[in-house]
Amino acid sequence: MTPPPPPPPKPGVIPLAPLGINHIYGGAFATLRRYAGPLFGVTAVAYAALIALGIGLLALVYAFLGDDLRRSLSDLLESGDAPSWAEVRTGLGTLAVTWGVTMLASLIVNSFVMAASPTVVEHAVVGRRTTFGAVWRKAWRRTPAVLGVTFLMYLMMLAVIVVFALLMVGMVLSVASLGESTFPVGLLFLLLLVLVPLAVWLMVLVSLAPAAAVLESAGPLRAIRRSAHLIRGAWWRTFGILLLTMAMAAIAMYAMQLPLMLAGPDPVAYQPDASTQPDVSEIYARMVPDLGIAFVVVLLVSWVVQLVAAAFVQLVTTLLYVDRRIRTEGLADALAESAAPR
C-alpha cells in the first residue's frame, strides 16, 4: 500500500500549497491573533488619526457656523423664516471644503491600511516575527503605489458611471425627439443589467493589485496588470470568496453598531412642545450633551469594528494573492526556502 504523501510544510499561518477556502480564512484569523500587535497597532493609529482629523474639522465647522446655525434655527422655529441664500451658500461652501479634505485623508489612510495587511502577511506566511515599526515603515513606503492603484480603480468605476450617464442622456433625448410621453424603463433596466456586471468584473479583476503593489514593489499600472494576470481563470472563485468575506464583515459591523444606535437618545424627545414658545438655548442645552455622548460612543465602537473588519478583508485578499501565485507561479518553493533556518 502506497503511503500518503507528506503534508506540505507550514512554517507560518498557511500550508505552503494551493489554499482552500478553509486555509484562507484560517490563515486570516491566525494572522489576526498572532500579529495583532503590529497589525492592529498600525491600523489603529491610522484610523485614530483620521477620526481625530474628522472631529477637528467638525469642531472648526461648528465654531465657524454655530452662531449662524443657532440664529437660523431660532428664526425657523419662532417665525418660520427660511435661511437666506447667503447663509446657505456660506454653509455649503464650508461643508464642501470639509468634505473634500476628509475624503482625501480617508483615501490616504485606507491606502495605508491596505498596504499594512500585505506587509504583515509577508511575515505571517513564513512564520517570521515583525514589529510595529517595521510594518509602519514598509506600509508607508508603499502607500503612494497603493493610493495610485485606488485612484485607477476609482477611474475605472467613474468610466462606467460616465458611460451610463451618457447613455441615459441619449435615451432621454431620443424619447424627447420622438415625442414619447413615457420613458422606456425596460431599456434602463437592460442598461443596468450590462453595466453593473461590468463594474463588478472590473473590481474583482483588480482586487489583488494592492497586494501586488506592496509585495512586488510594483507601480500602480503594473500592479493592476499583475492582478488581472493572476485572476485569469479564477475570477468566479475570487468573486465568491471576496463576496462572502465582505458580507461577513458587513454583518459583523451591523450587529455591533445596531444595539448602540437603538439605545441612543431619540432626537424627537428634544422637540419643543407645540403649545409653548420654543427656547432654542434650552433645546441646545438639553440636546447637545446627550447626543454628543451617544455620538462619541457609536464613533468609538464603529472605529474598533471597522478596524477589525478592514484588516480581515485585506488579509483574505492578500492570502488570495498568495494562493494564486502558489498555483500559477510556484511561489510555495520560494516561500519554503525563505522560511528555512539560516
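The values are calculated or read from the model by the stated rules, or taken from the named source; none is laboratory data. Because the structure is a prediction, the values reported are computed rather than measured. As a convention, Cβ positions derive from the backbone with ideal geometry for all residues, glycine included, and neighbour counts pool all protein chains shown. Accessible surface areas use protein heavy atoms only, side chains included; no ligands, DNA or RNA. Shrake-Rupley method; radii C 1.70, N 1.55, O 1.52, S 1.80 Å.
Quick notes on this structure:
- Of residues in segment 96-107 being open to solvent by less than 60 Å² (accessible area, probe 1.4 Å) and of a type in the set (Val, Ile, Thr), the one modelled with the lowest pLDDT: 98
- Complete set of residues in segment 111-143 that are under 17 Å from the mean Cα position of the chain (by Cα) and farther than 17 Å from residue 41 by Cβ: 111
- Within segment 1-32, if we keep just the residues that are without any contact (Cβ under 8 Å) to a residue 24 or more places away in the chain and open to solvent by less than 30 Å² (accessible area, probe 1.4 Å), the residue that is nearest to residue 321 (Cα to Cα) turns out to be 20.
- Residue, farthest from residue 145 (Cα to Cα), within segment 108-129, restricted to residues that are in a helix (DSSP H, G or I) and open to solvent by 30 Å² or more (accessible area, probe 1.4 Å): 123
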